[in-house]
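Each value in this text was obtained by applying a stated rule to the coordinates, not by laboratory testing. Because the structure is predicted, anything quoted here is derived from the model rather than measured. Backbone-built Cβ (ideal geometry, glycine too); neighbour counts: all protein chains shown.
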Amino acid sequence: MKKFLSVILCIILFFSYFILEISINFGSAFSESSIKNVSKNISLTNKNIKPEDITPENLYWETTLQTVYDIASEYNVAEEKINDLLESENAKDFIANYINKISSSVIKNDGTELDKDEIENYIKESVNEYLSNNQDISSKDKENISKFVDEHSYKIVEKLPDTKEITNNLDPEFLSFIQKFFSSNTRLILGFIVCASIIGIILLQLKNKKYLLYLGTTFVIATIINLLFSLTINPLLTSLIDYNSNIVLSTIKLFSNGIVKTYTITNVVILCISIILLIIYNVLIIKKTK
């Protein structure tokens with residue numbers, strides 16, 4: 001009976017741990033600190049994307065960027081000045097703020113709203129701050145850039161979806177599932193199940209020390225499957241998100257790389273601990289048989 005109950009608890013432990021890992025790692029990728037780190041590596045002028053990853057339909061941002069260059073030239077703003085602005089810390093902060101508010105609304109469901117006016121105001125504030133802090137730009141260039149942004153920032157805003165547009169384009173049931181899956185309550189419940197399963201296995205197999213075998217085996221299998229699952233994260237996110245730009249594609253890859261990194265570190269540590277448990281169990285068995 002104890003063996004049967006232990007196996008049942010191992011199965012429960014396996015699935016609860018597997019789901020908990022997904023919830024924690026995917027959720028942490030959209031934390032404010034993680035988003036800031038990702039935004040620092042996003043290049044709005046980046047052309048270093050594999051050719052096979054780009055199709056004519058995906059050149060959305062590239063077309064927009066060229067339009068920005070063309071209009072900026074009418075204000076005597078050189079292309080390199082636009083590139084400097086797009087790669088500035090202020091632009092990175094804007095990206096971080098934008099992604100954070102979108103994820104807070106869509107994934108965390110914390111009531112955060114981001115509308116078109118707010119996006120446009122933040123763009124203007126970011127540009128003005130960039131210009132005021134940059135002493136290498138002449139007063140005439142600052143005037144031209146400021147005028148260009150004031151008169152044409154709305155065209156960029158039109159290309160950026162706000163929280164309402166994103167939520168309206170998602171299936172309500174899928175949106176509800178995502179919000180519940182990544183909620184703190186779900187993690188607490190899963191964490192409780194994991195802890196309860198571990199305690200149950202230990203209590204059932206405490207006398208003969210077989211809890212080492214059950215826990216070690218369960219976590220070895222779980223971590224190996226988790227590591228294999230991490231290999232599918234990049235193509236999974238790419239398939240789920242209908243990207244229309246190589247900038248979006250590179251951003252997805254940055255997020256997936258972050259998730260894979262935490263997945264790998266966490267599971268390698270757990271795998272090592274699991275192997276140690278199995279080694280200890282086998283050492284105890286050998287000593288017992290002598």
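Quick notes
- Phi-derived couplings, Karplus 6.51 cos²θ - 1.76 cosθ + 1.60 at θ = phi - 60°, listed residue by residue for the range 151-157: 8, 10, 4, 4, 5, 5, 4 Hz, with x used for Gly and Pro.
- The string of couplings for the range 93-107 from the Karplus curve (6.51, -1.76, 1.60, θ = phi - 60°) is 5, 4, 4, 4, 5, 5, 5, 4, 5, 5, 5, 5, 6, 7, 8 Hz, one whole number per residue in order, with x for Gly and Pro.
- When the Gaussian network model of the chain links Cα atoms closer than 10 Å, the mean-square fluctuations of 138, 73, 23 top out at 138.
- Highest-MSF residue in the chain out of 70, 117, 171 [GNM, Cα springs under 10 Å]: 171
- Taking every DSSP helix (H) stretch of at least 4 residues in the chain, weighting each as -39,500 (n - 2.57) and dividing the sum by the residue count yields a mean residue ellipticity at 222 nm of -26500 deg cm²/dmol.
- Cα-Cα over 23 Å, subset of 116/142; 40/124; 164/253; 108/253: 116/142; 164/253
- Residue-by-residue Karplus 3J(HN,Hα) for the range 182-191, coefficients 6.51, -1.76, 1.60, Hz, glycine and proline x: 9, 6, 5, 5, 4, 5, 5, 5, 5, x
- The share of Cα pairs per 10 Å bin across the chain, counted from zero up to the longest distance, runs 6, 22, 26, 18, 13, 9, 5, 2, 0 percent.
- Estimated dipole of the chain in Debye, rounded to 20 [Cβ of Lys and Arg +1, of Asp and Glu -1, Cα centre]: 3200
- C-alpha long axis of helix 60-74 to longest principal axis of the chain, angle in °: 30
- Since only 43, 170, 286 are under comparison, the one whose Cα sits farthest along the positive direction of the charge dipole of the chain, derived from C-beta charges on Lys, Arg, Asp and Glu, is 286.
- Positive dipole terminus of the chain, leading residue within 202, 109, 122 (C-beta point charges): 202
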